[in-house]
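Accompanying notes for the structure given below.
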Amino acid sequence: MATTNTSGRRKTAIARIYLKEGSGNITVNDKDYKVYFPTLPLQYIVNQALETSNQAGKFDIAVNVKGGGITGQAEATRLAIAKALVELDPEVKAALRAKGLMTRDPRMVERKKPGRRKARRRFQFSKR
């Protein structure tokens, strides 16, 4: 089997993955994913697509991820893995879509507006 390569994005995080048949090793930026994503909720997010499609432990995955925070990076990785699994086996798409794993989350940070302290926060008003 050839290597399948896809990408996933979330906020400003971009994950590129290389998926091939193997023993279930997941490396993120040349580290084990349990070291790179130290908390259990983040590890669950990364494995969610594999567990939903009942293919955990069948593929070796190499991930290059950059930008954003650690949660955005985990969710970008999850989307990339889901897209790669659908590329290999289109029948798993229905199960992944039912869990919401095939949809790119479009929410981004709103830009700062002129005359405001942040995007919507105004400067403090002084009556006198």
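Values quoted throughout were computed directly from the atomic coordinates according to the rules given, and no laboratory measurement underlies them. Source: prediction; values computed, not measured. Cβ sites come from the backbone with ideal geometry, for glycine too, and all protein chains shown count toward neighbours.
General remarks:
- In the structure shown, the pairs K58/K99; K66/K113; K11/K118 are assessed against 23 Å; a Cα-Cα span above that value is assigned to K66/K113.
- Estimated distance in nm for a label pair at K31 and Q55, the labels positioned 7 Å out from Cα along Cα-to-Cβ: 2.7 nm
- Using Cβ point charges alone (K and R +1, D and E -1), the dipole size of the stretch 4-128 about the Cα centre works out to roughly 1820 debye.
- Within the chain, the proportion of Cα pairs with more than 22 Å between them is 39 percent.
- Considering only I45, I70, V28, the residue lying farthest towards the positive end of the dipole of the chain is I70, judged by Cα position with unit charges set on Cβ.
- Computed 3J(HN,Hα) for the stretch 76-86, one whole-Hz value per residue from the Karplus formula 6.51 cos²θ - 1.76 cosθ + 1.60 where θ = phi - 60°, is 5, 5, 4, 5, 5, 5, 4, 5, 5, 5, 5, glycine and proline marked x.
- The trypsin sites (Lys or Arg not before Pro) of the stretch 39-98 that DSSP puts in a loop, and whose beta carbon has at most 15 other beta carbons within 10 Å, are K58.
- In degrees, nearest ten, helix 40-52 long axis to first principal axis of the chain (Cα): 50 degrees
- Residues I61, I17, I70 arranged by fewest to most Cβ contacts within 10 Å: I70, I61, I17
- Pairwise label distance in nanometres, E91 with M108, each label 7 Å out on the Cα-Cβ vector: 3.9 nm
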